[in-house]
Amino acid sequence: MKRLLRTAAAILFTAILIWWAAAGMNPGWTKTSVATMETDPITGIEYPVWKKHFVPGVDLLAAGAGAAAILAAISLLPIFPGTNKNHNL
Amino acid sequence: MKHTAIIIATAAALAATATAEEIAFDLKDPKGVNNIVFTLDAPLESISGTANGISGTVEVDPAEPEEIEGKIVVDAKSLTVPNSLMQEHMLGAEWIDAEKHPEITFEIKEVLNPVKNGNEGTADVKGVFTLKGVSKEITVPAKVTYLPGRLSDRTNGKMQGDLIVIRTNFQIKRGDFGIKAGENLDKVSDTIDISLSIAGSAPKP
């Protein structure tokens with residue numbers, strides 16, 4: 001059980017980290033939509049065009065790291081039987 | 001003879017100026033380019049958003065584009081930020097309270113220090129800015145550009161008329177308008193940078 005929790009924690013942290021990095025390593029808050037600026041040719045006005053686009057931010061990275069840390073911490077609690085055979089004797 | 005011609009030409013020019021009429025420009029742009037960009041400084045990253053629900057009317061004498069009057073109205077619910085949860089909070093009762101105060105307005109009262117350069121004019125515009133039901137008199141620097149006959153270009157020839165473009169950048173303090181005054185200053189700055197770019201159209205029959 002301890003090994004399972006630690007493996008899950010490692011997988012969770014790695015997955016979140018890879019996801020965040022692959023999405024562009026956004027150093028800010030998570031975005032659910034992104035604006036790109038376009039220019040009107042007649043008036044010269046720059047205007048935003050919003051598109052739904054999920055970009056994970058450091059808040060999501062921190063939440064993932066926190067969840068992984070909690071799993072790892074639970075694995076250290078003395079509520080699980082040890083894996084050492086001698087200990088079980 | 002030469003003097004007479006100059007006097008007649010000058011008189012004609014003065015008469016034209018005197019008879020020039022104010023044109024009412026509708027700020028509800030059919031192409032939806034009119035927008036406001038707002039930015040608040042914050043520790044992790046600046047919170048930046050836009051608003052595009054702009055309407056209202058301004059009246060301008062093309063001969064004096066810096067002499068402008070009217071009212072700009074922004075639909076508070078059109079304020080948009082990149083995070084949907086953040087947007088929900090922003091429009092909620094503690095911040096903008098868009099349900100109770102659906103409009104953000106700027107009513108022009110006075111034009112100061114007008115400078116005209118061709119079809120462009122700059123001025124300091126004094127007016128009443130209303131946000132979350134609180135009205136304050138502020139003065140903002142504005143640039144006005146008159147584009148005669150250019151409405152046709154924007155409507156693929158369907159409408160004839162003139163365009164006007166108004167631009168301004170200014171700052172307000174959210175605390176002055178009852179938006180969490182003195183609160184959350186460690187998370188979001190009190191100062192809001194506002195950049196407004198709007199086009200108005202005046203169709204001609």
Output for region B:90-164: GluC sites (Glu not before Pro) sitting in coil per DSSP, at most 16 other Cβ within 10 Å, listed by number, reads B:GLU94, B:GLU99
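Using a 1.4 angstrom probe on heavy atoms only, work out the carbon and sulfur share of the accessible area of chain B in %.
Reported share for carbon and sulfur atoms: 53 percent.
Which value, in debye to the nearest 20, describes the size of the charge dipole of region B:22-204 about its Cα centre when Lys and Arg Cβ atoms bear +1, Asp and Glu Cβ atoms bear -1, and nothing else is charged?
The calculated dipole for region B:22-204 is roughly 400 debye.
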Most mobile of A:ALA72, A:ALA35, A:ALA22 per a Gaussian network model of chain A (Cα springs, under 10 Å)?
-> A:ALA35
Given pairs B:LYS71/B:LYS143; B:LYS31/B:LYS116; B:LYS31/B:LYS77; B:LYS126/B:LYS204 and cut-off 25 Å on Cα-Cα distance, the over-length ones are B:LYS31/B:LYS116; B:LYS126/B:LYS204
Mind jotting down the distance between the C-alpha centroids of region B:26-48 and region B:150-193, whole Å?
-> 6 Å
Could you state how much accessible area is buried at the A-B interface, both sides summed, with a 1.4 Å probe, in Å² to the nearest 100?
-> 1700 Å²
Expressed as a whole-number percentage, the relative contact order of chain B with C-alpha contacts under 8 angstrom and at least six residues apart is 20 percent
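Could you rank B:TRP95, A:TRP19 by how accessible they are, 1.4 Å probe, largest area first? Could the numbers behind the result be given before it?
Numbers: B:TRP95 55, A:TRP19 115 Å².
So the residues, ranked largest to smallest area, are A:TRP19, B:TRP95.
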Check the straight Cα-Cα distances from B:LYS100 and name the aspartates and glutamates below 20 Å, setting aside those fewer than 8 residues away within the same chain.
-> B:ASP75, B:GLU88, B:ASP176
Helix axis angle, B:2-19 relative to chain B longest principal axis, alpha carbon, degrees | 40 degrees
Per residue of A:24-37, how many C-beta atoms from partner chains lie within 10 Å of its own C-beta, taken as a mean?
-> 4
In Å, descending, principal axis extents of the Cα set of region B:22-204 = 49, 35, 29
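The values are calculated or read from the model by the stated rules, or taken from the named source; none is laboratory data. Bear in mind that the values here come from a model prediction, so they are computed numbers and not experimental data. Please note: Cβ atoms are built from the backbone with ideal geometry, for glycine as well, and neighbour counts cover all protein chains shown. Just so you know, the surface numbers come from the protein's heavy atoms only, side chains and all, with ligands and any DNA or RNA stripped out. Shrake-Rupley method; radii C 1.70, N 1.55, O 1.52, S 1.80 Å.
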